[in-house]
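One structure below.
Bear in mind that the values in this text are calculations on the coordinates, not laboratory data. Just so it is clear, the model here is predicted, and its values are computed rather than measured. Note that we place each Cβ from the backbone using ideal geometry, even for glycine, and neighbour counts take in every protein chain shown.
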Amino acid sequence: MTNVLFMGRKPVAAQALAWLIEQPGVKVVGVITDSHLSVSPTREVADANGIAVLDRESMERQVFAGQMKVDLALSVLYWQKIRAPLLGACPRGVINFHPAPLPAYKGTAGYNLAILEGLDQWAVSAHYVDAEIDTGPLIEVNPFPVDVEHETALSLERKAQPELLAQFKRVTGQALAAAAPLPATPNVGGRYISRPEMEAMKEMRPGDDVLRKIRAFWFPPYDGAWVDVGGVRCTLVSPEILLTLAAPGVSNLFTRPAGEPAADGND
């Protein structure tokens, strides 16, 4: 029996946990997720299967005291830093599934930078966790194409989630079948963007490509690219994004291709 600790949030983590529970020879000894939120898909899967939902501190106390034995730990979009004593307590390591290509894009803001930099390819990465963030040895990086002209941060996340789930199943299956950590390569270089740095990037500044920046930070319910209007921070929405927000079956009489004159409003 392999004792596995699962950490993660969002629907893709809930799907990953549901798959993990079904694997033969696996005992999920605990789940750490966004259980403090009113909507928590991963917590719902854990509760439905009678698995303890913990916070990071209580898990660390149990591991330190020897009350929780963990052979392998898995992280899918987990938002807190993974640290000792867990890092030294897992014989098969701690594996993180990162929604960006490593080593190039560490930390947050991956989707945003993909759009700001006009990339036509993105990737998801599996790596072992070490004492820093997104710097542990790489297990695999899986690229996929993106729409460089129309992608938003939200649409890119939606494209990345199935890729992340497929990678989770593949790499986790390999890790469960192995008696030791999987082969990995150095995860050297790239750049790390912290949450405060990412938030600062949202401010619209002179010289910005306005439409690209709007797409790069469109991720409701989070603030997007913004300007200050009378002391109020206002998120910007492009015409293209606005059309996606309309109720089904509702059309706009005045919608027109770029460069065409507007209707005069008298019809």
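Specify which residue in the list 162, 101, 62 is farthest towards the positive end of the charge dipole of the range 2-192, using unit charges on the beta carbon of Lys, Arg (+1) and Asp, Glu (-1), about the Cα centre. Working it through, the farthest residue towards the positive pole turns out to be 62.
Relative to the longest principal axis of the Cα atoms of the chain, the long axis of helix 153-177 lies at roughly 20 degrees.
The residues 36, 150, 98, when put in order of fewest to most other Cβ atoms within 10 Å, stand as 36, 150, 98. Summing charges over all other residues whose Cβ lies under 9 Å from the Cβ of residue 187, with Lys and Arg as +1 and Asp and Glu as -1, gives -1. Please work out the C-alpha center-to-center distance from the range 156-202 to the range 89-145 and express it in whole Å. A separation of 4 Å, based on Cα centres.
For the range 1-88, the dipole from Cβ point charges (+1 on Lys and Arg, -1 on Asp and Glu) about the Cα centre works out to 220 debye, to the nearest 20. Rounded to the nearest 10 degrees, the inclination of helix 10-21 to the longest alpha-carbon principal axis of the chain is 30 degrees. In terms of other Cβ atoms within 10 Å, 97, 217 run from fewest to most in the order 97, 217.
Using just its DSSP H runs of length 4 or more, each adding -39500 (n - 2.57), the chain gives a mean residue ellipticity at 222 nm of -9000 deg cm²/dmol after division by all residues. Counted by neighbouring Cβ atoms within 10 Å, the residues 77, 236 run from fewest to most as 236, 77.
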